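As structure tokens, the structure follows; a few thoughts come after it.
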Amino acid sequence: YCLNLMEKLDLSYRTLENRQISFVGECLPLDPPDHFKSWQTMTKAKEMRMTYQLHTLPPGIPTEFIARAHRFSTNTQWRYGALLADRHHLGLIQALPEERQLILAVRGPYPHNFFTLLRDGLELTLQRYPGLQIRRHLPCVGHHGQSCTSEFDYMMLIRAMDQQVEEVQCQANFDYVLVEELLYGLDW
């Protein structure tokens, strides 16, 4: 009974290999495993990423999300993150407690669908914390083949899309960037 309740609250999840074994998120190791090897091999792939800036990082973030998303597990998880996968994409959830940030990223040929699926699960997890102040940012897609460190406020991009604004100006180099490319990874 207790185990079923913990699963219902996303505090634990059963392994896919052996349904008799459960992981408790808050008991995962603190230090990340060597997860970046497979993540780094996909550096040429398209990437979608969102940074969540929180006023506080509550206990259970991101372990509740890791339990919720366990069907995408690569068996590479730790207390502050996990490497997830579908058939063609890798996803990374990582909490940075000192910065009070969560980073959700997906790499692969068409990352938007997997990113949206993971983001939906993360948003459901964050909704469990009423009053949590969250600012969401998307990275600039870069300019003329060069990367850019600028970020765009997600809600500003949603308002731009609602008002049929096609491009927004990057604050780092003042070039214009397509709103659809920032939001959906689509470059027409």
| Going by accessible area, probe 1.4 Å, with all protein chains left in place, what is the ranking of 41, 63, 149, 56, largest first? | 149, 41, 56, 63
| request: Go through segment 37-128 and name the trypsin sites (Lys or Arg not before Pro) that are in a DSSP coil and have 11 or fewer other Cβ atoms within 10 Å of their Cβ. | output: 44, 87
| Summing Lys, Arg as +1 and Asp, Glu as -1, what charge do residues with Cβ under 12 Å from the Cβ of residue 151 carry, residue 151 excluded? | +2
| said: At 7 Å along Cα-to-Cβ for each site, give me the label-to-label distance between residue 38 and residue 98 in nm. | reply: 2.8
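The values are calculated or read from the model by the stated rules, or taken from the named source; none is laboratory data. Everything quoted here is computed from the prediction, not taken from an experiment. Reconstructed Cβ throughout: ideal geometry from the backbone, glycine too, with neighbour counts over all protein chains shown. Ligands, DNA and RNA are excluded from the accessible area calculation, which covers all protein heavy atoms including side chains. Shrake-Rupley method; radii C 1.70, N 1.55, O 1.52, S 1.80 Å.
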